[in-house]
């Protein structure tokens, strides 16, 4: 039966190390033979990334996730193999970064919130510009819309507004809207001018 003596003082057959350096072992047999060998252990440092763990953005906006590291190759959870990806959908994105025979994994949570962009004028003249009341920055069909005239009378209502109201049935003038989000329960109020 052989006996072992490591440079660390350990006498086990195997040695687990967590620091880089040169380690040697002497193996002695019962017949009196001794052999010595050494190994140099180097630790590859994880790349320093300026990649956040969470990004909050407005619904529908593009977010650039950049994991660029010199000499690395990449594998993103969305199938891309580029150093950076542009995403518009909320979720958790994972990138595996292969560098110096090691793979490092990072995750980024992309969350979105409502940041509505609400127009204050529409011109329903069928020219393709501002023809309908289009609310941007929110998930489609998540808004309840109520339109009132200047006397407070309801002239339009939709429980799942689809950006299609063109004011075709109302005369030129100022109207008031109330948007209620089914996602956040936030209420947005304001005025809207219709010009024909």
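Which of (1) at pLDDT 95 or above; (2) under 30 Å from residue 176 (Cα atoms); (3) part of a loop (DSSP other than H, G, I, E, B) does residue 82 not meet, given it meets every other one?
(2)
Which members of region 98-118 meet the condition of being touching a strand residue (DSSP E or B) at 6+ places or on another chain (Cβ under 7 Å) and part of a loop (DSSP other than H, G, I, E, B)?
Once the filter is applied, which keeps residues that are touching a strand residue (DSSP E or B) at 6+ places or on another chain (Cβ under 7 Å) and part of a loop (DSSP other than H, G, I, E, B), region 98-118 yields 114, 115, 116, 118.
Considering only region 93-101, I want to know if a residue exists there that is over 30 Å from residue 45 (Cα atoms), surrounded by 15 or more Cβ atoms within 10 Å (Cβ to Cβ) and either outside the structural domain of residue 75 (by TED's automatic domain parsing) or without any contact (Cβ under 8 Å) to a residue 24 or more places away in the chain (or both).
No; the residues of region 93-101 include none that is over 30 Å from residue 45 (Cα atoms), surrounded by 15 or more Cβ atoms within 10 Å (Cβ to Cβ) and either outside the structural domain of residue 75 (by TED's automatic domain parsing) or without any contact (Cβ under 8 Å) to a residue 24 or more places away in the chain (or both).
Of all residues in region 133-165, how many are surrounded by 15 or more Cβ atoms within 10 Å (Cβ to Cβ), more than 30 Å from the chain's Cα centre (by Cα) and in contact (Cβ under 8 Å) with a residue 24 or more places away in the chain?
5
Please go through (1) outside any strand (DSSP E or B); (2) surrounded by 14 or more Cβ atoms within 10 Å (Cβ to Cβ) for residue 57 and return the number of the only condition it doesn't satisfy.
That leaves (1) as the condition not met.
Restricting attention to region 103-122, which residues are more than 20 Å from residue 147 (Cβ to Cβ), more than 12 Å from the chain's Cα centre (by Cα) and surrounded by 13 or more Cβ atoms within 10 Å (Cβ to Cβ)?
Selection gives 104, 113, 115.
Report yes if residue 77 is touching a residue at least 12 places away in the same chain (Cβ under 8 Å) and farther than 30 Å from residue 131 by Cα, otherwise no.
yes
Which members of region 21-50 meet the condition of being modelled with pLDDT of 90 or more, assigned to a loop (DSSP other than H, G, I, E, B) and surrounded by 11 or more Cβ atoms within 10 Å (Cβ to Cβ)?
Passing the criteria: only 29.
Which one is nearest to the chain's Cα centre (by Cα) among residues in region 166-189 that are on the phi > 0 side of the Ramachandran plot and touching a residue at least 24 places away in the same chain (Cβ under 8 Å)?
Selected residue: 167.
The values are calculated or read from the model by the stated rules, or taken from the named source; none is laboratory data. Keep in mind it's a predicted model, so treat the numbers as computed, not measured. As a convention, Cβ positions derive from the backbone with ideal geometry for all residues, glycine included, and neighbour counts pool all protein chains shown.
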